[in-house]
Amino acid sequence: MAKKKTTAAELDDVSKSIIEQLQQDGRRSFASIGKAVGLSEAAVRQRVHRLLDLGVMQIVAVTNPLELGFPRQAMIGIKVEGPLEPVAEVLESFGEVDYVVITAGTFDVLVEVVCEDDEHLLEIISQRIRAIDGVVGTETFMYLSLRKQTYAWGVR
């Protein structure tokens with residue numbers, strides 16, 4: 001059975017508060033969150049697991065690729081001829097790709113890649129992305145300095 005899509009309107013204020021607590025500190029304990037939102041530790045645990053299962057949120061460790069031996073990051077704009085979804089699905093399968101979005105504008109799809117070096121980036125663009133059926137062009141934007149990366153935009 002497919003996962004049910006959840007909208008912001010389906011989240012009550014307590015669930016939103018739990019999400020905000022985790023956006024501030026993803027390692028915050030269920031007991032600490034419970035005190036802040038007025039629930040028991042068990043009730044918070046149950047809600048967090050439900051939010052995770054529904055795909056409303058993820059709890060992950062955000063790393064600095066430079067510190068992990070991946071000095072080259074880039075955003076790649078891709079122009080596609082024909083259906084966009086099959087191209088996006090192939091890109092999703094690449095281990096180096098950490099972000100895929102279908103867009104409107106100059107590019108049809110944007111992907112962010114994290115690479116070991118320039119040769120690795122070249123291989124991804126030249127041999128893998130441009131080889132996907134429907135891809136007619138790419139433009140690469142290499143990151144020189146990551147100035148801000150945040151995931152704490154709150155809830156509505």
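The values are calculated or read from the model by the stated rules, or taken from the named source; none is laboratory data. What you are looking at is a predicted structure, and each value in this text was computed from that prediction instead of being measured. Here the Cβ positions follow ideal geometry from the backbone for every residue, glycine too, while neighbour counts run over all protein chains shown.
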> Out of region 105-156, which residues are of a type in the set (S, T, N, Q) and farther than 28 Å from ALA61 by Cβ?
Replying inline: THR106, SER126, GLN127, THR138
> Here are GLY77, GLY69: which of them is at pLDDT below 90 and under 17 Å from GLU112 (Cα atoms)?
Replying inline: GLY69
>> Every residue in region 129-141 that is farther than 15 Å from VAL90 by Cβ and either out of contact with any Lys or Arg (no Cβ under 7 Å at 6 or more places or on another chain) or of a type in the set (Val, Ile, Thr) (or both), please.
In response: GLU139, THR140, PHE141
